[in-house]
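Colleague: This is the structure I want to talk about, given as C-alpha cells.
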Amino acid sequence: MNAVAEIPFDASSSRSGSASAVDPHPLAAATWLAAGLVMLFVTSNPFYTGTIGLCAIVVYIAHRRRDRRRLDLLLVIGVAFTALTVPLNLLTGSSGATPLFDLPTITLPGWLASVRFGGTVTAESLVYAVAQATGIAAIVALVCAFNAAVDHFRLLRLVPPGLAQLGIIVTIGLLLIPETLVRAAALHEARIVRGHHRGLRALPSLVLPLLAEALERSVQRAESLDARGFGRLSSHRGGVEALVAVAGIVSAAFGAFAYHYSYMHALSLVCLVAGGAAVAIVVWRQSRAGGAVRMRHSAMSAADVAVMCAACIGVSMFIALRVLGAGGLTYVPFPTLYVPPFEVAPAIACLLLLAPVVRSTGSESP
C-alpha cells in the first residue's frame, strides 16, 4: 500500500505556514477558475468579459504577496501578446460596411491558398478584434490569479489516485514558468553584482546556466517523486481499462461534435453521457486499485464554501440568462458594429468573482 507523503517536491518550493493560512482551498480556487472560464465562453460581450478580467486582476493583486510576484511578468507578457492579436486580426482580413482606412495588400501565391493580407480595415472588424482580445486577456488574468491564489501541492493532493500521473504533469507544468522566471531573475542579479555584460550579449551566458539548472532540478524532482511513491499510485493491471477510457473519450468528443453540427441531438447526448460515464468509471476503478493513503486532508473553511457558492451562483446566473436570451449574453461570431447592452444581473454575476478578495481580507485580519 502506497502512502502519499504530505510534503512538497523540494524544500525550495514549500510555502510558509502563514501564507498557507491565507490560501484558499484548492477546490474552491478550481471552482472559481472554472466558473470564470465558463462565463467567458458563454458570451462575447466585451463589457462582461472586461468586467471578468478586471475582477481577476483584483483577485490577483489581493493574493500577490512577496513569494508570488514572479507571476507579474507572466501577466504583463500575456496581456501584451493579447494586444498583438488586434493588428493580426486586422491584417488577416476585414469584413463590414464601415471602412476606416486601407492597408497595403499582399496576396500569397496560389500554392499557398492565395491568402491575402491587408486591405480595407472596417470598423466592424476593429471592434470585433478588440472584443476578442478582451476575452483572451481575461483568460490570462484568470489563470494568473488562480496560480497566485492556490497552493499547487495542496491541489495535487486532491487529484484522484487514478489521475496521479496527470496531476503531477499538470502541477509541474503550472510551476515551470514561475520557477524559471525566479531563477532567471536571480541569475541576472548575480551577473550584475559580478560586473558582467548586460543586454543581448549576456543572453547566452544567462540561458545556458538556466537550462543546466532546470535539467538538474528535473532529475532531482523525478527522484523525489519516485521516492515518495507517486509513480505507483495507479493500477497497471492491463490495457482493457485504458481502451475503455480511450473509447469513452472518443464517444464523448463525437457526441459533443454531433450535437453542435448535426440534428442527431438524442444520439449525440447518448454518446456524450455514455463516454463521460465510461471515463468516470475507469478513473474510479483506477483510484480504488491504486492503494494510496491520504495522511492528511485539507479542511475547507466557511470562507472557502462561500467562494464556491459565489462562483456557482455567478456561472448559474450567466447560463440561465443565456438560455433565456436576456442580459445581452449573446455570442456574436461575426463582426458587427453595435453597442452591446450592459445590464445589472450579468454585472452582479461577474462581480461575484470578487469573492476570493473578501476571503483573503478576512483571513489576514486578526
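Colleague: In region 157-165, is there at least one residue being basic (K, R) and modelled with pLDDT of 75 or more?
Modeller: There is no residue in region 157-165 that is basic (K, R) and modelled with pLDDT of 75 or more.
Colleague: Looking at (1) touching a helix residue (DSSP H, G or I) at 6+ places or on another chain (Cβ under 7 Å); (2) closer than 21 Å to L158 by Cα; (3) modelled with pLDDT of 85 or more, which is the only condition A34 fails?
Modeller: Single failed check for A34: (1).
Colleague: What number of residues within region 309-323 are free of Cβ contacts under 8 Å to residues at least 40 places away in the same chain and surrounded by 17 or more Cβ atoms within 10 Å (Cβ to Cβ)?
Modeller: 2
Colleague: For region 277-297, check the following and say yes or no: at least one residue is of a type outside the set (A, V, I, L, M, F, W, C), at pLDDT 80 or above and either surrounded by 14 or more Cβ atoms within 10 Å (Cβ to Cβ) or within 27 Å of the chain's Cα centre (by Cα) (or both).
Modeller: Looking through region 277-297, none of the residues is of a type outside the set (A, V, I, L, M, F, W, C), at pLDDT 80 or above and either surrounded by 14 or more Cβ atoms within 10 Å (Cβ to Cβ) or within 27 Å of the chain's Cα centre (by Cα) (or both).
Colleague: Which members of region 221-246 meet the condition of being modelled with pLDDT of 75 or more and of a type outside the set (V, I, T)?
Modeller: Residues satisfying the conditions are E241, A242, L243, A245.
The values are calculated or read from the model by the stated rules, or taken from the named source; none is laboratory data. Remember, it's a predicted structure, so these values are computed and weren't measured experimentally. Note: ideal-geometry Cβ built from the backbone for every residue, glycine included; neighbour counts use all protein chains shown.
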